[in-house]
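Engineer: The structure under discussion is supplied below as structure tokens; questions concerning it will follow.
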Amino acid sequence: MVPFTILAVDPGSVSGFSVFDMSGRVDNGVLKFPKVPSWTEKGEVWYEVTEAARDLIDKYDPTHIAIEKVAFHGKGVWASQWYGGYVSQWTRLAYQEELTVIGISVGTIKKHATGNGKADKSEMVASACVEFGIEISDHNEADALWLGDLARKIVLGEFTQ
């Protein structure tokens, strides 16, 4: 098998990320971006997202980027537009860098993590703390850890639905 590194991202104004290679977890954390009140100020946020993504790509040299796919954003139109903006920045950079993009639905990630495709945020954090043996205080980071773990298993051929 060809060596690989996966950068997994739960995109948003607070973006969880994790990094996995063939043997398991390498790193994880949270990126925080400013929330801006005006449509015209979004450009600054997208610039910061792109710079943060580039920094992670430069640091970890991934072969893949895994992104959490949200099929329905129940928080309204504004939240959906923001989510689409975050995803577009990550995927644009992934394609620019010729990285393989893996999109995995929220329900699939939750089922992988807890056995329940409708698990709540506290269940995701608790299961990540147990599985990875680390303290996690943010649900975005927990989601990114489970996303990275699942993407790793997909690339290794260990996961089928």
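The values are calculated or read from the model by the stated rules, or taken from the named source; none is laboratory data. From a predicted model like this one, the values you see are computed outputs, not experimental measurements. So basically every Cβ, Gly included, is an ideal-geometry build from the backbone, and we count neighbours across all protein chains shown.
Engineer: Is it true that some residue in the stretch 47-57 is outside any helix (DSSP H, G or I), closer than 17 Å to Leu145 by Cα and modelled with pLDDT of 95 or more? If you could, list the steps in order and put the result at the bottom.
Structural biologist: So in the stretch 47-57, the residues outside any helix (DSSP H, G or I) come out as none.
No - not one qualifying residue is present in the stretch 47-57.
Engineer: What's the number of the only condition in (1) out of contact with any Gly (no Cβ under 7 Å at 6 or more places or on another chain); (2) in a strand (DSSP E or B) that Ala66 fails to meet?
Structural biologist: Only one criterion is unmet by Ala66, namely (1).
Engineer: In the stretch 48-66, how many residues are of a type in the set (A, V, I, L, M, F, W, C) and touching a helix residue (DSSP H, G or I) at 6+ places or on another chain (Cβ under 6 Å)? Full working, then the answer.
Structural biologist: Just the residues of the stretch 48-66 that are of a type in the set (A, V, I, L, M, F, W, C), to begin with: 49, 52-53, 56-57, 65-66.
Okay, now just the ones that are also touching a helix residue (DSSP H, G or I) at 6+ places or on another chain (Cβ under 6 Å), so 49, 53, 65-66.
Within the stretch 48-66, residues that are of a type in the set (A, V, I, L, M, F, W, C) and touching a helix residue (DSSP H, G or I) at 6+ places or on another chain (Cβ under 6 Å) number 4.
Engineer: Go through the stretch 121-161 and report how many residues are within 16 Å of Gly29 (Cβ to Cβ), of a type in the set (Gly, Ala, Ser) and surrounded by 14 or more Cβ atoms within 10 Å (Cβ to Cβ).
Structural biologist: The total comes to 4.
Engineer: Let me ask you something else. Scan the stretch 74-133 residue by residue and report those that are under 16 Å from Ser13 (Cα atoms) and charged (D, E, K, R).
Structural biologist: Lys75
Engineer: Say whether the condition of being surrounded by fewer than 17 Cβ atoms within 10 Å (Cβ to Cβ), part of a loop (DSSP other than H, G, I, E, B) and touching a His at 6+ places or on another chain (Cβ under 8 Å) is met by at least one residue in the stretch 97-117.
Structural biologist: no
Engineer: When the residues of the stretch 71-96 are narrowed to those that are closer than 15 Å to Asp143 by Cβ and buried (at least 18 other Cβ atoms within 10 Å of the Cβ), which ends up modelled with the highest pLDDT?
Structural biologist: If we take residues in the stretch 71-96 being closer than 15 Å to Asp143 by Cβ and buried (at least 18 other Cβ atoms within 10 Å of the Cβ), then Trp90 is modelled with the highest pLDDT.
Engineer: Going through the stretch 53-71 one residue at a time, which ones are touching a residue at least 24 places away in the same chain (Cβ under 8 Å) and either over 20 Å from Ile104 (Cβ atoms) or of a type in the set (Phe, Trp, Tyr) (or both)?
Structural biologist: At the first step, the residues of the stretch 53-71 found to be touching a residue at least 24 places away in the same chain (Cβ under 8 Å) are 53-54, 56-57, 60-71.
Once the filter is applied, which keeps residues that are touching a residue at least 24 places away in the same chain (Cβ under 8 Å) and either over 20 Å from Ile104 (Cβ atoms) or of a type in the set (Phe, Trp, Tyr) (or both), the stretch 53-71 yields Arg54, Tyr60, Asp61.
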